[in-house]
Amino acid sequence: MAPLVTAATLRFEPAQRVRRLARAEEGDNAALALSASYRGERVISIGFGDLESVRQGPATHLVREACWLLKPWGREGRVELRSLRRPVRRTLLEWLGTVEDVTVVVTARRKLVLLPAPDDLARVESTLSSTRRKMLRLGERDGEHCVWCSTELSYRSLHATLDHVRCRSHGGADGLDNLVLACAACNHARANAPASSWLEQCVADGRDVDADAVLRAIARSHAQRGRTLRRAA
């Protein structure tokens with residue numbers, strides 16, 4: 001049954017009820033207060049700005065309560081976590097990296113936006129930032145791993161990055177034909193090295209590099225570069 005209320009957003013401030021989310025009962029109290037405040041809104045916005053600290057258990061209890069309340073909204077429900085201090089954001093992301101029934105669709109410096117349930121690909125893609133949308137498509141194309149070390153990686157991963165096959169400093173474009181999915185450590189280590197020479201270095205170092213994916217990416221990048229030059233001529 002569709003929700004009866006179509007108000008946009010409930011803004012909830014746990015700090016008005018507790019000073020910390022460090023003990024189980026504090027998570028219980030905040031979750032109960034949220035439930036009592038909820039009137040069928042499509043988005044639940046939880047502000048953490050004044051909280052001194054959080055622990056994973058109580059904080060995730062509050063977030064899961066928000067997700068449960070939004071179930072009637074199905075694909076349209078959202079949870080916004082706002083005013084996140086660095087330790088609070090880190091604690092929440094550590095938990096979110098372990099669960100499958102909540103999808104992080106926006107990661108900003110002090111804000112996270114969550115999709116409270118698994119969803120079809122088109123719907124998830126429509127909620128993602130441009131960067132995360134590219135990561136999703138690269139994972140579908142080449143496999144959900146870093147091409148340079150084969151570490152498992154997807155658009156959800158905190159350390160996922162877009163690595164330019166032809167570096168931007170060498171005129172490389174931002175299109176998918178010139179991108180691969182790479183972990184932050186490998187992207188940083190490669191720096192501005194040409195993809196072909198970095199591939200050779202990875203093989204020489206015994207890294208578990210996905211050579212086939214890299215070679216296909218180099219070929220696509222060269223083909224895209226050739227098309228661009230022909231159009232410019």
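Using a Förster distance of 41 Å, how high is the FRET efficiency between THR228 and ARG75, based on the Cβ-Cβ distance and rounded to 0.05?
Here the calculated transfer efficiency is 0.60.
Measure nothing fancy, just the Cα-based angle from helix 56-69's long axis to the longest principal axis of the chain, in degrees from 0 to 90, nearest 10.
Relative to the chain, helix 56-69 is tipped by roughly 80 degrees.
Run the numbers for ARG207 and VAL106: contour at 0.36 nm per residue of separation, minus the present Cα-Cα distance, in nm. Numbers along the way, then the final one.
Details: separation 101, 0.36 × 101 = 36.36 nm, distance 3.15 nm.
Result: 33.2 nm gained on full extension.
Expressed as an acute angle from 0 to 90° and rounded to the nearest 10, what is the orientation of the C-alpha long axis of helix 130-142 relative to the principal long axis of the chain?
Between the helix axis and the principal axis of the chain, the angle is about 60 degrees.
Starting from the Cα-Cα distance between LEU32 and SER150, subtract it from 0.36 nm times their residue separation and give me the gain in nm to one decimal.
Roughly 38.1 nm would be gained on extension.
Taking only DSSP H segments of four or more residues, each worth -39500 (n - 2.57), what value at 222 nm results for the chain once the sum is divided by all its residues, to the nearest 500 deg cm²/dmol?
Computed mean residue ellipticity for the chain: -13000 deg cm²/dmol.
Give me the Å³ per residue figure for the convex hull around the C-alpha atoms of the stretch 128-232.
Roughly 94 Å³ of hull volume per residue.
State the percent of C-alpha pairs, over all pairs in the stretch 9-124, separated by a distance greater than 18 angstrom. Walk me through the numbers on the way to the answer.
Working: 2940 of 6670 pairs.
In whole percent, the share of Cα-Cα pairs in the stretch 9-124 beyond 18 Å is 44.
Using only the Cα atoms of the chain, what do you get for the radius of gyration and for Dmax, in Å?
21.3, 69
I'd like the orientation of helix 195-204 relative to the chain: the angle between its Cα long axis and the longest Cα principal axis, in ° from 0 to 90, rounded to 10.
On a 0 to 90 degree scale, this one is about 90.
None of the figures in this text is laboratory data; all of them are computed from the coordinates on show. Just so we're clear, the structure is a prediction, and the values are computed from it rather than from any experiment. Quick reminder, even Gly has a Cβ in these numbers, built from the backbone with ideal geometry, and neighbours come from all protein chains shown.
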